[in-house]
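Engineer: Sending over a structure as structure tokens; questions will come in a sec.
The values are calculated or read from the model by the stated rules, or taken from the named source; none is laboratory data. Every value quoted in this text rests on a predicted model; they were computed, and no experiment measured them. Virtual Cβ from ideal backbone geometry, glycine too; neighbours counted across all protein chains shown. Accessible surface is based on the protein model in full, side chains and every heavy atom, while ligands, DNA and RNA are left aside. Shrake-Rupley method; radii C 1.70, N 1.55, O 1.52, S 1.80 Å.
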Amino acid sequence: MDANSEPGEIACQQVLLDDSSVFSVQWLELPRHLTDGVTPRFLFDRYLEHLRRFTFGLVRPGCDSEGVRFRLAGTPWNLLEFNAPVEQHQDSRRTCTMEICGGFLVQRDMCHRGRLQFITEELPEGVRIELQLSEFCPLLLGSAQPSFFRRQIYRLTQAAIHKVVTVRFLLRVYRELAGPQACARVVPTKVREGRPT
């Protein structure tokens, strides 16, 4: 990649919706010459590898026929548990979706809600790669009517960590495809109405 090339842009939004579930999205648009072999499954595989490396092995992603687990190293605790990933293809959009089904970080009565999606979408001049977390009900918020204190604790801890992990993940993928000198800046976007986290 030309060192003088314009940096890419990682669009980002994280909000609490009216029901106090979390919506978070980050995406990066890639020129077509970089996208050979880039699929939602490619993003899924890279994300599991990235999560382990980024946390220095503290979080141990595991995947089998029953689903996906993000386990805290040295403990029996799964931070998040997902059903097995489901891949779909509709028009120019492909998705790999993991439905949340449990985990220490999820409100006990909301384990049936939430999903993490890896998305690719064909654009006129390239492909957009995207991570989207939706309908997630974090344990830190406690309920559908979290206090100001709980919202602030969530914003400063779990929400901040999730944003850093996903932004760094997209940057890692970008550098894998475009070369180690590739860079990107984070820009705000607005997809859903809600309270910023």
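Engineer: Identify the residue in the range 101-116 that is in a strand (DSSP E or B) and open to solvent by 30 Å² or more (accessible area, probe 1.4 Å) and, among all such residues, is farthest from PRO76 (Cα to Cα).
Structural biologist: ARG115
Engineer: Still on this structure, please answer the following. Please indicate, with yes or no, whether at least one residue in the range 120-129 is within 15 Å of the chain's Cα centre (by Cα), hydroxyl-bearing (Ser, Thr, Tyr) and assigned to a strand (DSSP E or B).
Structural biologist: yes
Engineer: Which members of the range 1-55 meet the condition of being charged (D, E, K, R) and either under 12 Å from the mean Cα position of the chain (by Cα) or not in a loop (DSSP other than H, G, I, E, B) (or both)?
Structural biologist: The answer is GLU9, GLU29, ARG32, ARG41, ASP45, ARG46, GLU49, ARG52, ARG53.
Engineer: Let me ask something additional. Can you run down the residue pairs with Cβ atoms below 6 Å, 6 or more apart or on separate chains, where the first is in the range 35-56 and within 12 Å of PHE169 (Cβ to Cβ) and the partner is in a helix (DSSP H, G or I) and among the charged types (D, E, K, R)?
Structural biologist: Note: pairs meeting the criteria are HIS50/ARG172.
Engineer: Let me spell it out: the conditions are (1) within 20 Å of SER134 (Cα to Cα); (2) open to solvent by 80 Å² or more (accessible area, probe 1.4 Å), and GLU81 meets all of them except one. Which number is the exception?
Structural biologist: For GLU81, the exception is condition (2).
Engineer: Mind counting the residues in the range 18-57 that are surrounded by fewer than 17 Cβ atoms within 10 Å (Cβ to Cβ), within 25 Å of LEU141 (Cα to Cα) and at pLDDT below 95?
Structural biologist: 2
Engineer: Here's a follow-up. Going by the structure shown, is VAL173 open to solvent by 20 Å² or more (accessible area, probe 1.4 Å), aliphatic (A, V, I, L, M) and either closer than 26 Å to PHE70 by Cα or modelled with pLDDT of 95 or more (or both)?
Structural biologist: Criteria not met by VAL173.
Engineer: Answer yes or no as to whether ALA178 is surrounded by 19 or more Cβ atoms within 10 Å (Cβ to Cβ) and in contact with a helix residue (DSSP H, G or I) (Cβ under 9 Å, 6 or more places away or on another chain).
Structural biologist: yes
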